[in-house]
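Take a look at the structure below.
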Amino acid sequence: MSLLSAMDTSASGLMAEKRRMELIAQNVANIETTRTTEGGPYKRKVAVFREVLDNQLSGNAGDKFNRAGVEVAEVITAEKEPLRVYDPQHPDADQDGYVLKPNINLADEIVDSITASRAYSANVTVLNTTKEMAVKALSIGRG
(Lines give C-alpha, C1' and ligand atoms only; values in the text may rest on other atoms or scores of the structure.)
Protein backbone atom coordinates (compact mmCIF):
# COMPACT_ATOMS: atom_id res chain seq x y z
CA MET A 1 0.00 0.00 0.00
CA SER A 2 1.42 3.35 -1.02
CA LEU A 3 1.38 6.39 1.22
CA LEU A 4 -1.24 8.08 -0.95
CA SER A 5 -3.56 5.08 -0.86
CA ALA A 6 -3.17 4.97 2.94
CA MET A 7 -4.20 8.62 3.04
CA ASP A 8 -7.17 7.88 0.77
CA THR A 9 -8.24 5.06 3.08
CA SER A 10 -8.08 7.33 6.12
CA ALA A 11 -9.89 10.10 4.28
CA SER A 12 -12.72 7.74 3.36
CA GLY A 13 -13.04 6.76 7.02
CA LEU A 14 -13.16 10.43 8.03
CA MET A 15 -15.95 11.15 5.56
CA ALA A 16 -17.97 8.10 6.62
CA GLU A 17 -17.67 8.89 10.34
CA LYS A 18 -18.57 12.53 9.67
CA ARG A 19 -21.79 11.39 7.97
CA ARG A 20 -22.49 9.04 10.89
CA MET A 21 -22.07 11.91 13.38
CA GLU A 22 -24.42 14.09 11.30
CA LEU A 23 -27.10 11.40 11.50
CA ILE A 24 -26.60 11.00 15.26
CA ALA A 25 -26.96 14.76 15.72
CA GLN A 26 -30.11 14.70 13.59
CA ASN A 27 -31.55 11.87 15.73
CA VAL A 28 -30.85 13.72 18.98
CA ALA A 29 -32.26 16.97 17.60
CA ASN A 30 -35.50 15.22 16.66
CA ILE A 31 -35.93 13.14 19.81
CA GLU A 32 -39.20 14.94 20.62
CA THR A 33 -40.49 15.44 17.06
CA THR A 34 -44.00 14.05 16.88
CA ARG A 35 -44.98 15.26 13.40
CA THR A 36 -42.97 14.94 10.19
CA THR A 37 -43.75 15.60 6.53
CA GLU A 38 -43.99 11.83 5.98
CA GLY A 39 -46.56 11.65 8.77
CA GLY A 40 -46.12 10.37 12.28
CA PRO A 41 -43.16 10.81 14.58
CA TYR A 42 -39.53 11.13 13.49
CA LYS A 43 -37.76 7.82 12.81
CA ARG A 44 -34.17 7.17 13.80
CA LYS A 45 -31.67 7.17 10.93
CA VAL A 46 -28.55 4.98 10.88
CA ALA A 47 -25.62 4.92 8.45
CA VAL A 48 -24.71 1.56 6.94
CA PHE A 49 -21.03 1.32 5.98
CA ARG A 50 -19.61 -0.73 3.13
CA GLU A 51 -15.97 -1.57 2.57
CA VAL A 52 -14.35 -0.50 -0.65
CA LEU A 53 -11.67 -2.81 -2.00
CA ASP A 54 -10.65 -2.23 -5.59
CA ASN A 55 -7.67 -3.98 -7.14
CA GLN A 56 -7.39 -3.10 -10.78
CA LEU A 57 -4.52 -3.33 -13.22
CA SER A 58 -3.60 0.11 -14.43
CA GLY A 59 -2.25 0.94 -17.88
CA ASN A 60 1.25 -0.25 -16.97
CA ALA A 61 1.75 -4.00 -16.86
CA GLY A 62 2.42 -5.21 -13.36
CA ASP A 63 1.42 -1.98 -11.65
CA LYS A 64 -1.58 -2.18 -9.41
CA PHE A 65 -3.84 0.62 -8.35
CA ASN A 66 -5.16 -0.23 -4.89
CA ARG A 67 -8.05 1.68 -3.47
CA ALA A 68 -9.41 0.67 -0.11
CA GLY A 69 -11.58 2.30 2.48
CA VAL A 70 -15.13 2.66 3.60
CA GLU A 71 -18.19 4.52 2.42
CA VAL A 72 -21.73 5.06 3.55
CA ALA A 73 -23.66 2.55 1.45
CA GLU A 74 -27.07 3.76 2.58
CA VAL A 75 -28.93 5.51 5.33
CA ILE A 76 -31.62 3.30 6.78
CA THR A 77 -34.58 4.30 8.87
CA ALA A 78 -35.08 2.23 12.00
CA GLU A 79 -38.51 0.66 11.99
CA LYS A 80 -39.06 0.56 15.75
CA GLU A 81 -42.56 1.14 16.97
CA PRO A 82 -43.02 4.71 18.24
CA LEU A 83 -43.56 5.28 21.95
CA ARG A 84 -47.10 6.00 23.12
CA VAL A 85 -47.01 8.67 25.81
CA TYR A 86 -50.07 9.95 27.63
CA ASP A 87 -50.17 13.72 27.19
CA PRO A 88 -53.72 14.98 26.49
CA GLN A 89 -52.52 18.62 26.31
CA HIS A 90 -50.17 17.93 23.39
CA PRO A 91 -51.44 19.21 20.02
CA ASP A 92 -50.70 15.83 18.36
CA ALA A 93 -52.57 13.78 20.98
CA ASP A 94 -55.17 11.34 19.69
CA GLN A 95 -58.74 11.15 21.04
CA ASP A 96 -57.51 9.02 23.99
CA GLY A 97 -54.82 11.57 24.93
CA TYR A 98 -51.82 9.57 23.66
CA VAL A 99 -49.01 11.03 21.59
CA LEU A 100 -46.71 8.97 19.36
CA LYS A 101 -43.08 9.94 20.03
CA PRO A 102 -39.87 8.77 18.33
CA ASN A 103 -38.44 5.57 19.76
CA ILE A 104 -34.94 7.02 20.12
CA ASN A 105 -32.82 6.11 23.11
CA LEU A 106 -30.52 8.99 24.06
CA ALA A 107 -28.04 6.62 25.73
CA ASP A 108 -27.69 4.66 22.46
CA GLU A 109 -27.08 7.87 20.54
CA ILE A 110 -24.40 8.97 23.03
CA VAL A 111 -22.64 5.60 22.78
CA ASP A 112 -22.80 5.78 18.97
CA SER A 113 -21.38 9.32 19.02
CA ILE A 114 -18.49 8.27 21.26
CA THR A 115 -17.75 5.33 18.96
CA ALA A 116 -17.87 7.54 15.87
CA SER A 117 -15.69 10.16 17.54
CA ARG A 118 -13.04 7.58 18.45
CA ALA A 119 -13.08 6.10 14.96
CA TYR A 120 -12.70 9.61 13.53
CA SER A 121 -9.74 10.27 15.87
CA ALA A 122 -8.11 6.99 14.85
CA ASN A 123 -8.37 7.97 11.18
CA VAL A 124 -6.85 11.40 11.93
CA THR A 125 -3.96 9.66 13.71
CA VAL A 126 -3.36 7.37 10.72
CA LEU A 127 -3.49 10.36 8.38
CA ASN A 128 -0.98 12.32 10.47
CA THR A 129 1.36 9.34 10.81
CA THR A 130 1.24 8.75 7.06
CA LYS A 131 2.05 12.41 6.47
CA GLU A 132 5.03 12.19 8.84
CA MET A 133 6.28 9.09 7.01
CA ALA A 134 6.04 10.91 3.69
CA VAL A 135 7.99 13.88 5.06
CA LYS A 136 10.71 11.58 6.43
CA ALA A 137 10.91 9.72 3.11
CA LEU A 138 11.42 13.02 1.29
CA SER A 139 14.13 14.09 3.72
CA ILE A 140 16.19 10.93 3.09
CA GLY A 141 17.39 12.26 -0.25
CA ARG A 142 18.49 15.61 1.20
CA GLY A 143 21.21 14.12 3.03
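The values are calculated or read from the model by the stated rules, or taken from the named source; none is laboratory data. Keep in mind it's a predicted model, so treat the numbers as computed, not measured. No Cβ is skipped: glycine too gets one built from the backbone with ideal geometry, and neighbour counts run over all protein chains shown.
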message: From the list A68, A134, exactly one residue is in contact with an Asp or Glu (Cβ under 9 Å, 6 or more places away or on another chain) and farther than 27 Å from N27 by Cβ. Which is it?
response: A68
query: Considering only the range 64-122, how many residues are over 16 Å from Y42 (Cβ atoms), in contact with a strand residue (DSSP E or B) (Cβ under 8 Å, 6 or more places away or on another chain) and of a type in the set (G, A, S)?
result: 5
task: Count, please, the residues in the range 34-52 that happen to be surrounded by 15 or more Cβ atoms within 10 Å (Cβ to Cβ) and in a loop (DSSP other than H, G, I, E, B).
output: 5
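Listed here are the residues, each with its yes/no results for (1) hydrophobic (A, V, I, L, M, F, W, C); (2) under 30 Å from the mean Cα position of the chain (by Cα); (3) surrounded by 14 or more Cβ atoms within 10 Å (Cβ to Cβ).
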{"site": "A73", "(1), (2), (3)": "yes, yes, no"}
{"site": "E79", "(1), (2), (3)": "no, yes, no"}
{"site": "G97", "(1), (2), (3)": "no, no, no"}
{"site": "P102", "(1), (2), (3)": "no, yes, yes"}
{"site": "A107", "(1), (2), (3)": "yes, yes, no"}
{"site": "S117", "(1), (2), (3)": "no, yes, yes"}
{"site": "N128", "(1), (2), (3)": "no, yes, no"}
{"site": "V135", "(1), (2), (3)": "yes, no, no"}
field: Residues satisfying the stated conditions in the range 1-25, i.e. surrounded by fewer than 14 Cβ atoms within 10 Å (Cβ to Cβ) and touching a strand residue (DSSP E or B) at 6+ places or on another chain (Cβ under 8 Å)
entry: M1, S2
- prompt: Is it true that some residue in the range 2-12 is in a loop (DSSP other than H, G, I, E, B) and at pLDDT 90 or above?
  reply: no
